[in-house]
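These notes are about the structure you will find just below.
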Amino acid sequence: QVQLQESGPGLVKPSETLSLTCSVSGGSINSYYCSWIRQTPGKGLEWIGYIYYSVSTKYNPSLESRVTISADTSKNQFSLRLSSVTAADTAVYYCATQASGWSPFDYWGQGSLVTVSS
Amino acid sequence: EIVLTQSPDFQSVTPKEKVTITCRASQSIGSTLHWYQQKPGQSPRVLIKYASQSISGVPSRFSGSGSGTYFTLTINGLEAEDAAAYYCHHSSSLPQTFGQGTKVEIK
């Protein structure tokens, strides 16, 4: 059974960079499309982007200028960096996996609440 | 970007009733439409994949249909444990998007 676990600061100051890591167990990140998704009461669920084959990335155009997703295959982890954050980036951030780019999100982390505030 | 619009936003239902939630896509997405259930404080979990394919471990009262731009999720015989938010999601093209969600409450 694949399990995902997000980790990272729960509070980030405006204009700084949000960083989260997703640790994956029970499967290799090389086998999945590894996504970051966020959820807010106002905008609902929003796909941020994914990394596949541990090196190729695709991002949501709405966030592309501020987002970097990377992977560390030695640790079986993938990470999110979102720069120049504002209060609008306050959300629950999930990591999730797909078997392919057309698949559903089969596995999800428990979610990590990140608040942007000074 | 393909917009997914769910209807209704909220539904209050008596146990054993049939529930139908619709998801309309702003352009054709074939069958690359998936349904999720999310209970408070939990992550979403997939219920139906590719519009109508069942998922192992998901109760058989959940079913899906549709293709192109119109999709439905049906719960046949609602149970108390089905109180949750339900979301559709397309993976037809990038960016992937989700519907705004339908909250189902048990009367």
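Which one of these does residue A:12 not meet: (1) in contact (Cβ under 8 Å) with a residue 24 or more places away in the chain; (2) open to solvent by less than 30 Å² (accessible area, probe 1.4 Å); (3) within 21 Å of residue A:101 (Cα to Cα)?
Condition (3) is where residue A:12 drops out.
Kindly establish whether residue A:46 is within 9 Å of another protein chain (Cβ to nearest Cβ), out of contact with any Pro (no Cβ under 6 Å at 6 or more places or on another chain) and either open to solvent by 30 Å² or more (accessible area, probe 1.4 Å) or within 26 Å of residue B:3 (Cα to Cα) (or both).
Details: within 9 Å of another protein chain (Cβ to nearest Cβ): yes; out of contact with any Pro (no Cβ under 6 Å at 6 or more places or on another chain): yes; either open to solvent by 30 Å² or more (accessible area, probe 1.4 Å) or within 26 Å of residue B:3 (Cα to Cα) (or both): yes.
The answer is yes for residue A:46.
Identify, from the list A:90, A:73, the residue that is among the β-branched types (Val, Ile, Thr), more than 14 Å from chain B (Cβ to nearest Cβ), over 11 Å from the mean Cα position of the chain (by Cα) and farther than 25 Å from residue A:117 by Cα. Even if it seems obvious, please write down each step before you answer.
On the way: A:90 fails: farther than 25 Å from residue A:117 by Cα.
Only one candidate qualifies: A:73.
State all residues of region B:79-90 that are within 14 Å of the chain's Cα centre (by Cα), surrounded by fewer than 23 Cβ atoms within 10 Å (Cβ to Cβ) and either assigned to a loop (DSSP other than H, G, I, E, B) or more than 10 Å from chain A (Cβ to nearest Cβ) (or both); if no residue qualifies, say none. Steps first, please.
As a first pass, look at region B:79-90 and keep what is within 14 Å of the chain's Cα centre (by Cα): B:82-90.
Subset that is surrounded by fewer than 23 Cβ atoms within 10 Å (Cβ to Cβ): B:82-85.
Of everything in region B:79-90, those that are within 14 Å of the chain's Cα centre (by Cα), surrounded by fewer than 23 Cβ atoms within 10 Å (Cβ to Cβ) and either assigned to a loop (DSSP other than H, G, I, E, B) or more than 10 Å from chain A (Cβ to nearest Cβ) (or both) turn out to be B:82, B:83, B:84.
Which numbered condition trips up residue B:28, out of (1) farther than 23 Å from residue A:110 by Cα; (2) more than 14 Å from chain A (Cβ to nearest Cβ); (3) assigned to a strand (DSSP E or B)?
Status for residue B:28: all satisfied but (3).
Looking only at residues in region A:50-70 that are over 17 Å from residue A:31 (Cβ atoms) and hydrophobic (A, V, I, L, M, F, W, C), which one is nearest to the other protein chains (Cβ to nearest Cβ)?
The extreme case among them is A:63.
Could you tell me whether any residue of region B:40-52 is assigned to a helix (DSSP H, G or I) and either among the hydroxyl-bearing types (Ser, Thr, Tyr) or open to solvent by less than 50 Å² (accessible area, probe 1.4 Å) (or both)? Please lay out each step first, then the result.
Here is the first cut: in region B:40-52, the ones assigned to a helix (DSSP H, G or I) are none.
No: zero hits.
Only one of (1) touching a strand residue (DSSP E or B) at 6+ places or on another chain (Cβ under 9 Å); (2) surrounded by 12 or more Cβ atoms within 10 Å (Cβ to Cβ); (3) more than 14 Å from residue A:34 (Cα to Cα) is not met by residue A:84, so which one is it?
Going through (1) touching a strand residue (DSSP E or B) at 6+ places or on another chain (Cβ under 9 Å); (2) surrounded by 12 or more Cβ atoms within 10 Å (Cβ to Cβ); (3) more than 14 Å from residue A:34 (Cα to Cα) one by one, residue A:84 breaks only (1).
The values are calculated or read from the model by the stated rules, or taken from the named source; none is laboratory data. Predicted, not measured: the structure shown is a model, and the values here were computed from it. All Cβ positions, glycine included, derive from the backbone under ideal geometry; neighbour counts span all protein chains shown. For the accessible areas, the whole protein counts, side chains as well, though only heavy atoms, and no ligand, DNA or RNA atoms are used. Shrake-Rupley method; radii C 1.70, N 1.55, O 1.52, S 1.80 Å.
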